[in-house]
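The structure under discussion appears below in the form of structure tokens.
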Amino acid sequence: MTRAGGRITAALRGLPRMLREDLWSSPVDPIPPTGAPGSPVWRPAFGMLLTLGVTAVALWHVPDLVPHGAAVPAYVVLLAVCQSLALLAGMRQPLYAWWASLVLMVVSVRIAESAVTPGEMFPWTGAEIALQSGALFLLTLRVHPRRAVLALTLSLLAGLVSSGFTTRAHNYSMDVGALVVITAVVIGAALRALRVARSQLVEQSELTEEERARRTLLEERNRIARELHDVVAHHMSVISIQAQVAPHLVENPSPELRENLAGIRENAVEALAELRRVLGVLRSEDALADGVRHAPQPTLDRLDELVGKVRSAGVSVATQTTGRRRPLPPGVELSAFRIVQEALSNVLRHAPGAGARVEVGYHSSAVTVRVTNTAPDAPGRPMDGVGHGLLGMRERTAMLGGDLTHGPTPGGGYEVVATLPLEDPS
């Protein structure tokens, strides 16, 4: 019991601070820019209706503050205008606008109490109910529901207190007023929850897309590592075998030659074992790797085979080779083939009915690969930003120190151009 009493005492001591933070110092939610995730689509229409409604409320509210048939005092007109302006200010500063509306409501009730006839609603007239509902609605759209409930409670308490200090009988309207303002708060909280949910959904979708792109990039890097592992392992095996056979090809080889060749073979075998230990583990994560572990990696010599498969899928593909065709470094051969393969796959996916053209240019210090397609006959699958296939192409060209450009062509098609240097970029 003592512990419970201590908690209640601590809560009561912290109540003023909580009220000050929730109803004065804590900021409100920023207004989302037009078109941003969670931006309220009803805001322009609501602003227009609010302006028209406030004008009507101001004209309707003035007669409630003066006796019938009497001249309207200047302070009454000023009070009505201030209440209307407070509601308009709620579009930008809803918390301070609600405070201003609440204070002006209490002041207007005290001024008008002696002049309100028994048949008129008190303490909240129809105009007061509209003003308080509008102020609370705008506040609820921009603050946490707990803060909105505190503001609603304070507004109802202010109305009850105003009803207690009267000099005559009145037609009390707290029940009707409470129902209207509570409804306004509930609707505002629902709209805010919808806006927050939409914003979180868009943010989660963006994070998911980023994670998907990152995962695709890592998968492509693993694929490149596996392929390079096969290429390097093949060459290291050849070096080891040649170093072992070389002494038998020389008559009376010197001890120094035998020692050097043995060292070459030993280093090749050790490097091959280390390579398999570091990169070979990637093979275990590939479901298809066991069946193609010893299959030769594709080169540009298999370009005609690739083009034939794409043609059999219904795509018209033309090829052109410029320069003197010659063997290329294994990494360049493999990357050039994969870039052509992925570019043609993109044509199949994103440009149905389009024709494609593959150009391979052999130069003294580089090889260029250019894949273009004409405008598609029908819309293909939409691409948001850079496609995942393009990420793989970029990884391959960056690995070799090359350059990749891609983009739409004037005729409505698309092109991918990769330049792969033949020398070591380091």
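The values are calculated or read from the model by the stated rules, or taken from the named source; none is laboratory data. This structure is a prediction, so every number in the text was calculated from the model and none was measured. Note: ideal-geometry Cβ built from the backbone for every residue, glycine included; neighbour counts use all protein chains shown.
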- Message: Cβ contacts < 7 Å: first residue under 25 Å from residue 194 (Cβ atoms), restricted to the range 141-168; second residue modelled with pLDDT of 90 or more and among the aromatic types (Phe, Trp, Tyr), any location; separation 6+ or different chain. Result?
- Response: 151/98
- Message: Let me confirm something: among 89, 36, 80, 100, which residue is modelled with pLDDT of 55 or more and in contact with a His (Cβ under 6 Å, 6 or more places away or on another chain)?
- Response: 80
